[in-house]
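The values are calculated or read from the model by the stated rules, or taken from the named source; none is laboratory data. For clarity, every value in this text was computed on a predicted model and none was experimentally measured. Here the Cβ is made from the backbone with ideal geometry for all residues, glycine too, and neighbour counts use every protein chain on show.
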């Protein structure tokens, strides 16, 4: 039925409209894909060929760039750090944001309005814009070069948006379900654990994917907080490769591909969840 | 009853407390601390001296500050006249299924928004380098193999590659926002319009655009809020160079604080950046509120 309606709607599209649509889309697609495709094949190109012709496809495809990038970049260590930060932050953010959202939407309190807008203010600041105060505080507390110095800000800066997402979902859980459990003698903590958490699975996935992504691509905090390699992540390691082997960006691009694979997998597996998160108004550049 | 109320309050504190506490400690306290530091000459060590508004006066008489603000303004402009209209148009085309393979296009448009800023900066650093990809392509097209891309070295043009990158990367976000909102439009209304013989242009102009005005306004708020806050791409791509020509306020803050060890001054910049974005968001949201009120009145 719906399909039929669309077709009848589409039949009236005037030709110029269709042409303009295709031109804009084609332009945007080429513009989007070409740098990525170029990045992809250049990473398999030997250095001499890049120097000779930057645009052409490789003649002798090679994985040498990848071997070199993995070893010089110490990516094994970087991946472990990135994973630790992303997984721990994601778990903590999911638990804290859902519990706060549950309290805000289902436990009557005159404080809720105040706390909710207090947390909402966090949507206006990012790690980048508060990096100076963050660094000063972390330095004062001796938290630079420590895992906690990264994890605590990661949780704090991801919590506002997560609470906002979680509240819009938990609000829709019928009050009757919670009242029934209360009458059966459960307290709010039990309701949270036994009812709210299991029922919120769809929004938990969205929050988790979204938070994981935000942590994976974060750069400024780890860069500023790490004066040695102990807590460096994939993004920071990657940025430090820039100066090395400066003319061989085949090597640099191989590192870029290595660093981007987890994101590509995340994207292919969870595109819908990422889209939901972004469509609800995550702030980016 | 009193007991129940008390236990409610305890559960409320237990459930909402951790999120509020960690958020308050990490986000609010350092900002307040930085507000205090912004009135001092602290250099990262030793005892800070109170200097009143000196940092602010120095900042407002520094041409680099104003040039950074100018570049931030251009970033906002690229969102307002580039990313948002383009994102809307692309979303409309996909939503109305004006083209085939919409799933493919959807993926292509959205993907750059997910890439890491570091990766994007490294990639486009090479693309726009004086002897980078663009230079080589122009050189091959014009038969001048020694062609060097220097038009982005001047004061006025240095920011342009960054603006192009922003357009490339973040149009997808607005595309996704508009697509999600367009999909809420009732199909019956469109069907009725089509049956009445409305042209595609009329549907777009009289039905869809008025309906999406609130989304345009919220997108504008995101654009303004986001524009002041992120600078990592620029940091890696140009580091504000050549000279300070591609600087934005965020980079100005980082350089003063961490390269010149002017923590008090850097804190003052941080405060100005935060105040500036809060101020602009307040203006925009009051415009948005007035607009939507008028829109509702007009509709009834």
Worksheet item: Taking the stretch B:238-266 as the region of interest, how many residues are within 11 Å of chain A (Cβ to nearest Cβ) and closer than 19 Å to residue B:225 by Cα?
Response: 6
Discussion item. Checking residue B:265 against (1) free of Cβ contacts under 8 Å to residues at least 12 places away in the same chain; (2) in a helix (DSSP H, G or I), only one condition comes out false. Which one?
Written reply: (1)
Worksheet item: Is it the case that some residue within the stretch A:31-43 is surrounded by 17 or more Cβ atoms within 10 Å (Cβ to Cβ), part of a helix (DSSP H, G or I) and more than 8 Å from chain B (Cβ to nearest Cβ)?
Response: yes
Worksheet entry | Cβ pairs under 8 Å, 6+ apart, first in the stretch B:45-61 and touching a residue at least 60 places away in the same chain (Cβ under 8 Å), second in a loop (DSSP other than H, G, I, E, B) | B:48/B:41; B:48/B:42; B:51/B:39; B:51/B:41; B:55/B:38; B:55/B:39; B:55/B:41; B:56/B:38
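So that you can scan it fast, the table gives a plain yes or no per residue for (1) surrounded by fewer than 21 Cβ atoms within 10 Å (Cβ to Cβ); (2) modelled with pLDDT under 90; (3) more than 25 Å from residue A:258 (Cα to Cα):
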position: A:71; (1), (2), (3): yes, yes, no
position: A:74; (1), (2), (3): yes, yes, no
position: A:79; (1), (2), (3): yes, no, no
position: A:89; (1), (2), (3): no, no, no
position: A:109; (1), (2), (3): yes, yes, yes
position: A:115; (1), (2), (3): no, yes, yes
position: A:120; (1), (2), (3): yes, yes, yes
position: A:125; (1), (2), (3): no, yes, yes
position: A:132; (1), (2), (3): no, yes, yes
Response to the item:
Restricted to the stretch A:221-234 and to residues being within 13 Å of another protein chain (Cβ to nearest Cβ) and either surrounded by 24 or more Cβ atoms within 10 Å (Cβ to Cβ) or out of contact with any helix residue (DSSP H, G or I) (no Cβ under 7 Å at 6 or more places or on another chain) (or both), the residue nearest to residue B:114 (Cα to Cα) is A:234
Worksheet, complete the sentence: Among (1) more than 30 Å from residue A:240 (Cβ to Cβ); (2) part of a helix (DSSP H, G or I), residue B:227 falls short only on (1)
Worksheet item: Quick one: in the stretch B:156-190, which of the residues that are assigned to a loop (DSSP other than H, G, I, E, B) and either at pLDDT below 80 or in contact with a helix residue (DSSP H, G or I) (Cβ under 8 Å, 6 or more places away or on another chain) (or both) is surrounded by the most Cβ atoms within 10 Å (Cβ to Cβ)?
Response: B:159
Worksheet entry | Which listed residue, of B:75, B:26, B:93, B:108, is within 10 Å of chain A (Cβ to nearest Cβ), crowded, with 18+ Cβ neighbours inside 10 Å, in contact with a helix residue (DSSP H, G or I) (Cβ under 6 Å, 6 or more places away or on another chain) and modelled with pLDDT of 90 or more | B:75
Fill in: From A:96, A:83, A:15, residue being within 14 Å of chain B (Cβ to nearest Cβ) and at pLDDT 85 or above
A:96
Practice prompt. Answer yes or no: is there a residue in the stretch A:187-205 that is crowded, with 23+ Cβ neighbours inside 10 Å, under 17 Å from the mean Cα position of the chain (by Cα) and within 13 Å of chain B (Cβ to nearest Cβ).
Written response: no
Fill in: Scan of the stretch B:115-126 for residues that are free of Cβ contacts under 8 Å to residues at least 12 places away in the same chain and either more than 7 Å from chain A (Cβ to nearest Cβ) or not in a loop (DSSP other than H, G, I, E, B) (or both), ordered by number
B:119, B:123, B:126
Discussion item. Between B:264, B:240, which is modelled with pLDDT of 85 or more and surrounded by 21 or more Cβ atoms within 10 Å (Cβ to Cβ)?
Written reply: B:264
Worksheet entry | Matching helices (runs of 4 or more DSSP H) fully within the stretch B:8-111 where at least 2 residues are under 30 Å from residue A:138 (Cβ atoms) and out of contact with any strand residue (DSSP E or B) (no Cβ under 6 Å at 6 or more places or on another chain) | B:29-37, B:54-60, B:63-78
Fill in: Condition met for residue A:248 (over 30 Å from residue B:76 (Cβ atoms), outside the structural domain of residue A:151 (by TED's automatic domain parsing), surrounded by fewer than 22 Cβ atoms within 10 Å (Cβ to Cβ) and over 24 Å from the mean Cα position of the chain (by Cα))
yes
